[in-house]
Amino acid sequence: MLRWNFLLLLAALPAAAQNPTTMFPPVRGLHEMVAAANNLEVEAGFRMLTMGGNAVDAGVATALTATVTEQSRVGLGGEIPILIKLAGKPPIAISGVGVAPAKATVDWYSKRKSEPWEPKEKAPAPIPAIGIHAALTPGLVDGLLLALEKYGTMSFAQVVQPAIESADAFPIGDEFAQFLGELARIFPYWPESFKFFYPTGKPPYRGDLVKMPNLAKTLREMAAAEQSAQGDRAAKIRAVHDYFYKGPIAKRIAEFSQSNGGLLAYDDLANFHAEMDETRSTTYRGYTIYKTGFWAQGPVMLETLNILEGFDLHGMGHNSPQYLHTVIEAVKLAFADRDRYYGDPKFSKIPEEILLSKSYAAERRKLIDSQKASIESRPGDLHASVAMVSGPGVSSDKDTTCVNVVDRMGNAFSAVPSGAWIPSVIAGDTGIPLSVRMESFVLTPGHANQLAPGKRPRVTLSPTIVMKDGELSFVMSTPGGDNQDQALLQALLNIIDFSMQPQEAVEAARFQSKHFYNSFGFHEFTPGQVSLENRIASSVADRLKLMGHKVDYDEPWSNTSAPTVILKAKDGVLMGGADPRRSRFVFGR
């Protein structure tokens, strides 16, 4: 009889309570949580937390391990923007984005010859998409060192240990192995890279044991520089910076660059420092959203939210034709401003107060026709830059990874490690892959993002921290190139406007507008183009086509971004979301 009553009780429960609604099981905990791209990265961060470290220690360890195990998306010579929120203190930003070498001028690239791997029958992109002539100064290392020194608690030797262990040997992931197979034709141009990635002469198979002895040696040398340095913890961490940027590693990178015709020189490395920055923020329906400055594309989400605040999105219905049309049109307007006005504020005057103001958003909101899609790029008339120039080719979308951590004390770390992805030039015997982020500059005279020596390119990388009533609410970031802030925006709206939990929010079907000037390669403009995952009803796609959108009705999980989210509920419960579209992993307790 008791068994029968129990079965009746189960039958009375709502279907949603019995049947999981997500592909990846929701992860929940009470103490701490780490989200990244694979189990090795998450374990690295979680190891620091179990050793007593904070979210920053864990985030740095996770990112360092990613530069070993996920070189399909990031390498040690890449770049990283970071947002940090310590309990009881306001969020801060760190720019770990490298700068153009002193020899990297508009004139040099205007006269450049095609690289051997570029198609001879077509005009090349203004700046090469791969190779040594696309290399910035490495920014990621000092970005992580600055975060560790100022906001962490552990030594560099401790946080780099998991990365060293992985460099000694790790089972290669599916994507990394796949990319090495697909790109094998490129690497023979760079003998050091070929030896590094193909020690047996052929690509590894997924799950094969991979060893990177030169990279492991470099990481050990960096840890040893800290251990042999004099002074307090901060001085010892700065010794790691000096060893990398002014010592033996810098000299070896510079010598390799010079002997292979690169522009990167010793002085470029010796003069580089990551920078602290103020976050940029806006409010949306009682929440405060924090992003980096205008040297990255993060403020584009803030402007979009300011525009969307004037619409009843919940009343429109999730992924309804009117909802999607409204959000897509708001995204187009914000990205038009990104394409016109964003750049390194140290070199270009950015009208940021106007761009992030509620009054400006109200004027922009009026440009949205509720029944018709816009086809032009429509930046505001702010007299601060010149128009982008659409190139004649098609750029390959570049990508990245993401790291998010919340610890038991309420500290939060959100970062987007990127750059130096394969196919990468390995700088001699250092094992360090060089970045190719130079291609995100434009050569257009008078543009805010025009190339100049010592300048940061405007990057797509976009970590996010969200607060409510003065307390941490959630952190989020994603890979995806230009699509990052579109995917994050939709996940954020799913949480705030539609009360989804993080795993539901990252899995929900998404759109991806391509109505912007590409941040890479040819910087081409693709007017009106938008892709929809076909889990969105075909009738919705048909309605959007009638409104003038150029719709690609794609595969059900085809969106190119893959966010992770860690949300802290009012009762202290941590909820994680890891997008199954690509390798994402979250663990907490």
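Nothing in this text is a laboratory measurement; each read-out follows from the coordinates by a stated rule. Since we're looking at a predicted model, the values are computed, not measured. Cβ sites come from the backbone with ideal geometry, for glycine too, and all protein chains shown count toward neighbours.
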## Note on the structure
For segment 324-401, listing trypsin sites (Lys or Arg not before Pro) in a DSSP loop whose Cβ sees at most 13 other Cβ atoms within 10 Å gives LYS346, LYS349, LYS366, LYS372
### Task
Quote to one decimal, in nm, the extra length available between SER538 and ALA270 on full extension: 0.36 nm per residue of separation minus the C-alpha distance between them.
90.9 nm
### Around ARG584: net Lys/Arg minus Asp/Glu count, Cβ-Cβ under 14 Å
-4
### Message
At most 14 other C-beta atoms within 10 Å and a DSSP loop state: those are the exposed GluC sites (Glu not before Pro) I care about. Give me the longest piece of the chain that has none.
### Response
377-589
#### Entry: Loop trypsin sites (Lys or Arg not before Pro), segment 221-292 (other Cβ atoms within 10 Å of the site Cβ: 14 or fewer; DSSP)
ARG285
### Query
Cα centroid distance between segment 229-288 and segment 173-204, in Å?
28
### Query
Can you list the residues, at least 5 places off or on another chain, whose amide H is less than 5 Å from the amide H of GLY480, using H built in the peptide plane?
THR400
## Note on the structure
As straight-line cross-link partners of LYS550, the qualifying lysines (C-alpha separation under 24 Å, not fewer than 8 residues apart within one chain) are LYS332, LYS366, LYS372, LYS398, LYS514
### Query
Normalised by the number of residues in segment 292-353, what is the relative contact order in percent for Cα pairs under 8 Å and 6+ residues apart?
48
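Please get the size of the charge dipole for the chain, origin at its Cα centre, with Cβ charges of +1 on Lys and Arg and -1 on Asp and Glu, quoted in debye to the nearest 20. Numbers along the way, then the final one.
Numbers: 59 positive and 62 negative charges, 9 e Å.
The calculation lands at about 40 debye.
Excluding PRO453 itself, what net charge comes from residues whose Cβ is under 13 Å from its Cβ, given Lys and Arg +1 and Asp and Glu -1?
That sum, taken over residues with Cβ under 13 Å, equals 0.
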### Message
Contact order normalised by length for the chain, with contacts defined as Cα pairs under 8 Å and 6 or more residues apart; what percent is it?
### Response
23
### Query
Which residue, chosen from PHE176, LEU215, PRO204, occupies the Cα position most advanced towards the positive end of the dipole of segment 174-217, where the dipole is computed from +1 (Lys, Arg) and -1 (Asp, Glu) charges on Cβ about the Cα centre?
LEU215
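Defining a contact as two alpha carbons under 8 Å apart and six or more residues distant in sequence, what relative contact order in percent does segment 460-589 show?
Values: 246 pairs, mean separation 32.5, N = 130.
After rounding, I find 25 percent.
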### Query
Which value at 222 nm does the chain reach when only helices count, each DSSP H run of 4 or more adding -39,500 (n - 2.57), with the total divided by all residues and rounded to the nearest 500 deg cm²/dmol?
-10500 deg cm²/dmol
